[in-house]
Amino acid sequence: MTISPFNEVDYLAEARGRYTEQFKDKPVFDAYVKIVMDMLNEIQAVFKDLKQLRSIDTASGTQLDLIGEIVGQPRTLVNYDAFPYFGFDGASGAETFGTVSDSTVGGVFRSYLQEEGAAAVVDDETYRFIIKARIIANTTRATPQAVIDGLNFITGNTTSSIVEQPNAHLTLEIQNTLTDFQSYFLRGLSEQGSIVPIPIGVAVE
């Protein structure tokens, strides 16, 4: 975890080192200077917290939630635990027809009024990763290399690639098996959509 550097200054020691002979060993003057310098040290501690405890790499809890709000990525992942249901080929989480004789075959029928699954609240480390991926998606120029870099970041490898298809269509090629977490974003199940840096109007599979 990278912590932003911060150079602290002991203002009281610095002030005492600048006393002239006239004010050395004067307890009243020293007490007054200590009051002023203590205030400066408190302000410095606040600035240190702002720089170090509220950055993506060091923030936690509510502080991390605020960073997530800024980049447009909430901590709660809607419909994260999606159950398998009957659907057409290519639809996220879709399964074949089921059978009453074997409950492990196929998926259940889902009404259009029914939610796909339960929400999930991620821990700080996972949320920190999602925020970084969302920042990449928000700030990218969506060049081919930027898309590949985004894929590599999300999947944790260096072998991802893309294939350009006709009619503004991209095929994402990922060499390793996706975790549920990676699949949730790569397949765009999130309400915020995929965190892959894809240009607007480009279809993806």
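Descriptive notes on the structure:
- Helices (runs of 4 or more DSSP H) contained entirely in the range 1-89, each with at least 1 residues that are closer than 24 Å to Y127 by Cβ, modelled with pLDDT under 90 and under 16 Å from the mean Cα position of the chain (by Cα): 62-71
- Among the candidates A119, A142, residue that is under 16 Å from L77 (Cα atoms), surrounded by fewer than 18 Cβ atoms within 10 Å (Cβ to Cβ) and modelled with pLDDT under 80: A119
- Comparison of Q192, Q182 shows that the only residue that is within 30 Å of E69 (Cα to Cα) and modelled with pLDDT under 75 is Q192.
The values are calculated or read from the model by the stated rules, or taken from the named source; none is laboratory data. Predicted model only: the values in this text are computed from it and were never measured. No Cβ is skipped: glycine too gets one built from the backbone with ideal geometry, and neighbour counts run over all protein chains shown.
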